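Peer 1: Pasting a structure below so you can have a look.
Just so it is clear, none of the values below were taken in a lab; they were calculated from the coordinates. Remember, it's a predicted structure, so these values are computed and weren't measured experimentally. Neighbour counts are summed over all protein chains in view; Cβ atoms, including those assigned to glycine, are modelled from backbone coordinates with ideal geometry.
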Amino acid sequence: MDTEPYRDRALGAYLGLAIGDALGATVEFMTPREIHHQYGVHDKIIGGGWLKLKAGQVTDDTEMSLSLGQAIIETGGWSMHAVAESFAAWLKRRPPDVGNTCRRGIRRYLTDGSLSGPPNPGDGGNGACMRNLPVALATLGDAEAFTRWTVEQCHFTHHHPLSDAATLSLGRMVQHLVCGGSKHDCGQFVSALIESHPEFSFDPYPGRASGYIVDTVQTVLYFFLGTDSFADCLVRVVNQGDDADTTGAIAGMLAGAAYGVSGIPARWLKSLDAEVTRHIERQTEALLAIASKGRQPDFSIPPTGT
């Protein structure tokens with residue numbers, strides 16, 4: 001598969017994820033009213049927040065994505081053991097932000113070596129969804145590999161049907177957009193997700209942006225589908241507050257895939273940590289090179305419930 005035509009949107013998705021993470025981290029756990037009182041409209045990458053980050057610094061959303069991407073690149077394909085080792089090495093570096101469910105899954109692996117946990121009603125967070133972009137890029141054109149890799153990396157920390165459904169659906173949307181599909185066509189993926197899991201319905205918008213995967217996806221889809229630019233989508237998402245680094249990251253991923261690097265404001269690109277940008281650029285090239293060995297893209301909508 002020739003991935004050259006997809007480079008701009010693939011890189012846009014990865015940079016968009018990191019920018020949404022860095023922008024949203026400033027207002028994580030704040031309410032919309034608190035954000036408005038302190039910032040008016042929060043639209044600058046300035047760091048701070050409860051983690052006291054430097055301007056342009058990212059959180060676990062981007063860092064876990066990079067860890068997953070590195071494992072895929074180093075093995076030239078898929079090894080869940082390599083992914084587990086990469087996540088474990090990341091945790092051992094004592095990152096400033098680690099979700100409780102992700103931490104629990106990595107520690108389980110360090111204790112007993114298991115690559116997945118049992119189904120757990122407490123695993124319905126957004127941690128698996130936020131980091132799956134490298135899988136989506138490396139499996140362009142190979143629907144079977146995308147599904148298998150996604151579910152395996154999900155279940156390492158999050159073994160929950162709603163987490164699985166959301167991660168698969170948003171990943172397929174990203175692939176569709178990266179491969180030249182339109183944002184309008186994404187409605188088919190959204191309809192399939194809601195038909196299978198009505199919990200994700202977001203019209204009217206419930207107004208919750210927590211780390212629960214349903215709240216996260218409702219917020220992301222409502223503003224992604226209801227705006228017409230990368231900047232408008234991202235600003236409106238992160239100003240909902242709550243789990244704003246992750247809603248921002250996932251919205252940035254989708255919007256970056258839809259509008260490409262050229263659609264991302266230059267001021268945000270310049271504000272992002274330079275080393276993170278370099279890692280993303282290198283990984284995007286390498287992940288697309290892995291995808292180039294696969295099949296041609298399939299734009300069909302998979303059956304619901306998968």
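Peer 1: Which one, I19, I73, I213, has the greatest fluctuation when you compute a Gaussian network model over the chain with C-alpha springs under 10 angstrom?
Peer 2: I73
Peer 1: Still on this structure, please answer the following. Hey, what number do you get for the chain at 222 nm if only DSSP H runs of n ≥ 4 count, each worth -39500 (n - 2.57), divided across all residues, to the nearest 500?
Peer 2: -19000 deg cm²/dmol, from helical runs alone.
Peer 1: Picking from G48, G211, G124, which is most flexible by a Gaussian network model of the chain using Cα springs under 10 Å?
Peer 2: Highest fluctuation among the options: G48.
Peer 1: Add +1 for every Lys or Arg and -1 for every Asp or Glu among the other residues with Cβ under 14 Å from the Cβ of V217, and state the total.
Peer 2: -4
Peer 1: Right, here's the next one. For F29 and T75, what does the FRET efficiency come to when R0 = 35 Å and r is the distance between their Cβ atoms, rounded to the nearest 0.05?
Peer 2: In this case the efficiency is close to 0.45.
Peer 1: Quick one, which of [x] 111; [y] 142; [z] 156 is the actual volume of the Cα convex hull per residue in Å³ calculated for this model?
Peer 2: Here volume of the Cα convex hull per residue in Å³ agrees with entry [x].
Peer 1: Something else: Can you tell me, using C-alpha contacts under 8 Å and at least 6 residues apart, the relative contact order of region 88-165 as a whole percent?
Peer 2: Computed over region 88-165, the figure is 40 percent.
Peer 1: Sorted from fewest to most neighbouring beta carbons within 10 Å, what does the list C186, C179 look like?
Peer 2: Going from sparsest to densest Cβ surroundings: C179, C186.
Peer 1: Which value, in debye to the nearest 20, describes the size of the charge dipole of the chain about its Cα centre when Lys and Arg Cβ atoms bear +1, Asp and Glu Cβ atoms bear -1, and nothing else is charged?
Peer 2: Dipole size: approximately 620 debye.
Peer 1: Further question: Tell me the relative contact order for the chain as a rounded percent, counting alpha carbon contacts under 8 Å between residues six or more apart.
Peer 2: 35
Peer 1: Another one. Using Cα springs under 10 Å in a Gaussian network model of the chain, which residue among K92, K293, K44 shows the largest mean-square fluctuation?
Peer 2: K92
Peer 1: How do W50, W90, W149 line up, fewest other C-beta atoms within 10 Å first?
Peer 2: Exposure proxy ranking, most exposed first: W50, W90, W149.
Peer 1: Can you check what the net charge comes to around I280, using other residues whose Cβ is under 15 Å from the Cβ of I280 (Lys, Arg +1; Asp, Glu -1)?
Peer 2: Within the 15 Å Cβ shell, the charges total -2.
Peer 1: Report the extension gain between Y39 and D228 in nm, rounded to one decimal, defined as 0.36 nm multiplied by the number of residues separating them, less their alpha carbon distance.
Peer 2: Here the answer is 65.7 nm.
Peer 1: Over region 41-115, consider all pairs of different Cα atoms and compute the Kirkwood hydrodynamic radius from their mean reciprocal separation; express it in Å, one decimal.
Peer 2: 13.7
Peer 1: Further, regarding this structure: With a 10 Å Cβ neighbour count serving as the proxy for reagent exposure, in which order, fewest first, do H158, H81, H176, H184 appear?
Peer 2: Starting with the residue having the fewest Cβ neighbours, the order is H184, H81, H176, H158.
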